[in-house]
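**Student:** Okay, handing you the structure first.
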Amino acid sequence: MNEGHLEFLASAEWAQMLQTDLWPWVESVGDLGDDVVEIGPGPGLTTDLLRGRVAHVTAVEVDEALAAALKRRLSGTNVSVVSADATRANLPSNRFSAATCFSMLHHMAAPKDQDALFEVLHRALRPGGIFVGADAIDIEPIRAGHIDDTFTPVPPETLPERLAKAGFGETEMDVGDYQFRFVARKVDGASTSVPST
């Protein structure tokens, strides 16, 4: 992640946007339950929102320095920080009531990595658990903010089919000017096996 982008994700401006734009929508789409796995928390402003509203959060961060800083800051709280690539983190099956990822899918190297994450999260969720996320749309101002950074945008129109392939039920989408938001559910009795790649 480039320095400017990282600074923005730790800023008061981003924190305010999360409070006013993202969180009311999250609360409207479903109950997160008691045990949430968050993928890609970065500096942890989304983690702060989650930990004030659910009993336990497992935050999985691939960047070792960001994970170490988050672990120090949230030591003694209801957050467990895991420093790992979520597709290889050996998350337990059928454990989590919800999974979240906010503005991180486009930081994955390739669509196949995003699809691998979807499969892992489907396996890790309890039947009936929800997967809630938001990500950037591929427009010039967003692309400009990712110079010297990984930028693999998810075309919103492809996401429902990709999540269905991973085993999720119907995906609800909300597409805006600069981002899209989505929620999908692991249907009761859904298979927890992850297809071989």
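Values quoted throughout were computed directly from the atomic coordinates according to the rules given, and no laboratory measurement underlies them. Keep in mind the model is a prediction, meaning the values are calculated, not measured. Neighbour counts are summed over all protein chains in view; Cβ atoms, including those assigned to glycine, are modelled from backbone coordinates with ideal geometry.
**Student:** Starting from 0.36 nm per residue, how many nanometres of slack lie between residue 20 and residue 188 once their C-alpha separation is accounted for?
**Tutor:** On the way: separation 168, 0.36 × 168 = 60.48 nm, distance 3.24 nm.
Answer, rounded to one decimal: 57.2 nm.
**Student:** Separate question: What does the convex hull of the alpha-carbon atoms of the stretch 125-193 project to on average, in nm²? Provide the component values of the computation, followed by the final result.
**Tutor:** On the way: hull surface 20.8 nm².
Result: 5.2 nm².
**Student:** Which of the trypsin sites (Lys or Arg not before Pro) found in the stretch 74-146 are loop residues per DSSP with 16 or fewer other Cβ atoms within 10 Å of their Cβ?
**Tutor:** Those satisfying the criteria are 95.
**Student:** What number comes out for the charge environment of residue 110, summing +1 per Lys or Arg and -1 per Asp or Glu over other residues with Cβ under 14 Å away? Provide the component values of the computation, followed by the final result.
**Tutor:** Details: positive: 112, 162; negative: 85, 113, 115.
With Lys, Arg at +1 and Asp, Glu at -1, the net is -1.
**Student:** A further question follows. Could you list which residues have their amide H under 5 Å from that of residue 100, counting only those 5 or more apart in sequence or on another chain, with H placed in the peptide plane?
**Tutor:** 37, 38, 39, 132
**Student:** Quick one: in the stretch 3-185, what % of C-alpha pairs are over 24 Å apart?
**Tutor:** 31 percent
**Student:** What ranking do 188, 113 get, fewest neighbouring Cβ atoms within 10 angstrom at the top? Mind showing how you got there, number by number?
**Tutor:** On the way: 188 9, 113 16.
By the 10 Å Cβ count, ascending, the order reads 188, 113.
**Student:** Can you tell me, using C-alpha contacts under 8 Å and at least 6 residues apart, the relative contact order of the stretch 3-185 as a whole percent? Show your work: numbers first, answer last.
**Tutor:** Working: 313 pairs, mean separation 33.5, N = 183.
So the answer I get is 18 percent.
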